[in-house]
Amino acid sequence: MRREAVTPRPDWDATIRSQGLVYVDTELPDGGIMSYWDETAAYAFDLDEVLRLEEATEELHRMCVAAAEHVVARGRYAEFGIPGWAAEAVARSLREGPPSLYGRFDLRYDGSWPPKLLEYNADTPTSLVEAAIVQWFWLEDTRPEADQWNSLHERLVGAWAKIGAGLHDRRVHVAWSNEEESGEDQMTAGYLAETARQAGLAAELLPIQEIGWDGRRFVDAADQPVTTCFKLYPWEWMLAEPYGPPALDPGTPTTWIEPAWKLLLSNKALLAVLWELYPGHEYLLPAYLDSPRGMTAYVAKPLLGREGGSIRIVTDGDEITNPGIYGDEGYCYQEFRALPEFAGNRTVLGSWIVGGEAAGLGVRESESLITDGYARFLPHYIDAPRVP
């Protein structure tokens, strides 16, 4: 793994916007504008390195599923902040195995083995359009002979086809929150709807605020039943709203993607359960729920914190705090391991999983130790000829 300076394409800004990256402008605290997409540099990986990272990603996913099964078997819902009334629905969801589409692991990796899990964005992961589409076209334009760790599009279409084979109604609603103003959620949902259409499903895109309840079932704005719904909207928000209980009721004829058991994987308490079940595992960092347990350098992560959420780094008595935008309903304390530095930038790998299989990579950089809302996305390539 190495960082290389590259020359941006002359028309890069118009190009990436036409490919769906409409949320490329990031407003800085001083009022200036920074581009979220950055092709002044790129990351190169060896093929063997990518193959090992793929294996690590799939092993981490298996471990996370096993951790969810453990939580359900032991009834440890309270540690995840899951209300008692929702526990049986979460258990039923895991037991019955409704469709699940995708997720993204955030990994600390500096080119030397092993990678370390920072968190699993398993319910509503974003940065998908740039990982699946925009960086692939960058590769086609700049390095057509090279390859990229990126089978996201093909795997998403394949996963939708598998989901569709089990549906009696091939219509799927794809929902996002229209309260998200950057356009990222809408474009992510729109892209996922397109992959569903390419799989032969009839995908309808709508804001989740337009989904209603008629007393028996969820319906869309045209009063048509919502039988299968992919929602780019967190389960923990749904549980806190009036229609949360009907969404989990076994008599409600709606299949939700992601399923309710993904509550357990998108929660930072997962990190502590993983460390408990797999102590000393090479891909994990020590993590605990009750306290830092004597760690002098650790990160306090809110259980329900999401990307851009509040976290606190404590190292040798000093603190670095990102105030974030979400509540602090309990913490997971994970050992602090500084993100690797490349040319003055702190780098995190986003390793994607689709249908349980490793599917691609996104690289983000920040000048801060915390990958926050001012991070940039950089393309990558595999330093080997493309496999036909």
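The values are calculated or read from the model by the stated rules, or taken from the named source; none is laboratory data. The shown structure was predicted, so the numbers you read here are calculated from the model rather than taken from an experiment. Note that each Cβ is placed from the backbone with ideal geometry, even for glycine, and that neighbours are counted across all protein chains shown.
Residues are listed down the side, and each one gets a yes or a no for (1) crowded, with 19+ Cβ neighbours inside 10 Å; (2) under 30 Å from ASP185 (Cβ atoms); (3) of a type in the set (Val, Ile, Thr); (4) more than 20 Å from the chain's Cα centre (by Cα):
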{"residue": "THR7", "(1), (2), (3), (4)": "no, no, yes, yes"}
{"residue": "ARG17", "(1), (2), (3), (4)": "no, yes, no, yes"}
{"residue": "TYR36", "(1), (2), (3), (4)": "yes, yes, no, no"}
{"residue": "LEU60", "(1), (2), (3), (4)": "yes, yes, no, no"}
{"residue": "ALA67", "(1), (2), (3), (4)": "yes, yes, no, no"}
>> Looking only at region 337-366, filter to residues that are touching a strand residue (DSSP E or B) at 6+ places or on another chain (Cβ under 7 Å) and at positive phi; which one of those is surrounded by the fewest Cβ atoms within 10 Å (Cβ to Cβ)?
In response: ALA343
> Would it be correct to say that ALA86 is of a type in the set (A, V, I, L, M, F, W, C), in contact (Cβ under 8 Å) with a residue 40 or more places away in the chain and touching a Gly at 6+ places or on another chain (Cβ under 9 Å)?
Replying inline: yes
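Restricting to region 291-337, and then to whatever is in a strand (DSSP E or B) and of a type in the set (Ser, Thr, Tyr), can you tell me which residue is modelled with the lowest pLDDT?
Here the residue is THR321.
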> Does ALA122 qualify as being crowded, with 21+ Cβ neighbours inside 10 Å and of a type in the set (A, V, I, L, M, F, W, C)?
Replying inline: yes
> Counting only residues that are over 18 Å from MET63 (Cα atoms) and in contact with a helix residue (DSSP H, G or I) (Cβ under 8 Å, 6 or more places away or on another chain), which one in region 94-117 is surrounded by the most Cβ atoms within 10 Å (Cβ to Cβ)?
Replying inline: TYR109
> For region 150-162, does any single residue satisfy the condition of being more than 27 Å from LEU248 (Cα to Cα), without any contact (Cβ under 8 Å) to a residue 12 or more places away in the chain and part of a helix (DSSP H, G or I)?
Replying inline: yes
> Considering GLU276, GLU236, which residue is surrounded by fewer than 17 Cβ atoms within 10 Å (Cβ to Cβ) and either assigned to a helix (DSSP H, G or I) or in contact with a strand residue (DSSP E or B) (Cβ under 6 Å, 6 or more places away or on another chain) (or both)?
Replying inline: GLU276
> Would you say HIS168 is assigned to a helix (DSSP H, G or I) and surrounded by fewer than 22 Cβ atoms within 10 Å (Cβ to Cβ)?
Replying inline: no
